[in-house]
Each structure stands twice: as structure tokens, then as C-alpha cells.
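Everything below concerns the one structure shown next.
The values are calculated or read from the model by the stated rules, or taken from the named source; none is laboratory data. Owing to the predicted nature of the structure, the values given are computational and were not obtained by experimental measurement. Counting neighbours? That spans all protein chains shown, and the Cβs are built from the backbone with ideal geometry, glycine included.
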Amino acid sequence: MATTPPFKTTVPGLESDESGRAVEIMQERLSTLIDLHLTLKHIHWNVIGMNFIAVHRMLDPQVDAVRAMTDELAERIATMGGEPLGTPGSVVRIRSWDDYELNREPAVRHLSALDSVYSGVIEDHRAATKKIGEIDPVTEDLFIGQLRQLELFQWFIRAHLKDSSGDVVFRDSGAPESDDVKAARERTSALTNSTHG
């Protein structure tokens with residue numbers, strides 16, 4: 001991402017270059033959260049299978065909360081003298097991750113992929129929180145609140161993927177499926193096909 005030019009005005013107590021660094025960090029997080037918001041809605045529309053309604057309904061509050069996070073970040077960027085970038089082109093240009101690849105798939109596949117998405121978002125948000133904490137405690141507080149919600153949402157996702165011992169048993173790592181996972185996927189697929197056939 002290009003370096004942010006010095007701001008003519010910013011919040012009292014911060015230098016223009018400090019605000020510029022903070023805005024660069026926030027802009028990357030804004031792009032990430034816009035992408036997450038759209039990904040969550042995409043899953044909401046495309047999830048199928050035995051747990052369809054539970055997952056479908058679980059995702060809407062997450063969509064709303066992540067959208068609210070984008071609004072908070074965009075307004076913080078503007079408050080600090082920056083220009084929040086929220087167009088599809090800017091999101092694609094700024095992001096460093098691949099697009100979400102699943103379309104119409106059983107709930108367990110989407111939830112497994114979404115668990116990975118949340119892991120990446122949370123890991124990057126934590127790193128950004130450390131960086132922003134060296135510049136601006138107000139924005140750091142904003143990031144911490146967002147992290148709290150994002151981690152809660154990932155817990156909701158993982159609760160669908162765990163066995164009774166607490167292990168996440170459905171993880172889409174690209175590795176060959178275990179017999180149990182393959183059998184569960186085939187059962188879900190058979191049920192889905194029988195209801196649509």
C-alpha cells in the first residue's frame with residue numbers, strides 16, 4: 001500500500017505522520033473487514049445441508065456486527081484526517097489474501113473454511129493492534145473491542161466443528177479426508193441430494 005501523505009489536520013495530540021501511519025494500518029483492516037462482511041453474507045446465501053437453518057441464522061448477526069466494525073473504522077480514519085477507501089476496487093487492491101472459493105456447499109465445508117478465514121483475520125488484527133498501540137490508544141481500544149467480537153464469532157463457528165473432546169474435527173486443510181470426515185460429508189451430500197432430487 002502506498003504511504004499516506006501528511007494530513008493537514010488530525011486529532012489533537014498526534015502528529016500528522018503518526019496519524020498517517022495509523023490510517024495505513026486502519027485502511028488495511030477496513031479492507032479486511034469489508035471482505036469478511038461480504039464473505040459472511042456469501043456463505044449465508046450458499047450454505048446447504050443438515051445444519052442449514054442454524055448456520056444461516058447464526059451468520060446474520062455476524063454480518064451486521066462486522067459491517068458495524070467497518071463503519072467504526074472508516075469513521076475513525078476520517079476523524080484522523082484520512083480518506084477511508086471502501087470501493088470494491090480498493091478492497092481488491094489492498095488485500096493480500098485469496099478470494100473465498102466455496103459456493104453452494106454443505107454447512108460443514110463452509111464452517112471449516114470460515115474457521116480458517118477467521119483465524120487469518122484475527123491473527124492480522126492482533127498484529128495490527130500491537131502496531132497501532134504504539135501510535136494511538138484510542139484506535140487500539142477500537143481494535144481490542146473488535147477482536148473480542150471476532151474471537152467470539154470464531155468460537156461460534158468452531159462449536160459446530162468440534163467433537164465431545166473439544167478437538168476441531170472438521171478442518172479443511174487440503175489434506176486427504178479421514179474416513180470419519182469423508183463419511184460425514186457423504187451423509188450430508190446424500191441428504192442434500194435426496195431433498196433436492
Set 77, 122: member being among the β-branched types (Val, Ile, Thr), at pLDDT 95 or above, in a helix (DSSP H, G or I) and closer than 23 Å to residue 18 by Cβ: 77
Residue within the stretch 97-104 that is under 28 Å from residue 134 (Cα atoms) and either modelled with pLDDT under 95 or assigned to a loop (DSSP other than H, G, I, E, B) (or both) present: yes
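Restrict the check to the stretch 157-167 and report whether at least one residue is among the hydrophobic types (A, V, I, L, M, F, W, C) and at pLDDT 95 or above.
yes
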Residue that is surrounded by 14 or more Cβ atoms within 10 Å (Cβ to Cβ), among the small types (Gly, Ala, Ser) and closer than 24 Å to residue 45 by Cβ, where the choices are 68, 74: 68
Any hit, the stretch 36-43, residues being among the basic types (Lys, Arg) and touching an Asp or Glu at 6+ places or on another chain (Cβ under 9 Å): yes
Verdict on residue 95 being within 25 Å of residue 144 (Cα to Cα), in contact (Cβ under 8 Å) with a residue 40 or more places away in the chain and crowded, with 21+ Cβ neighbours inside 10 Å: no
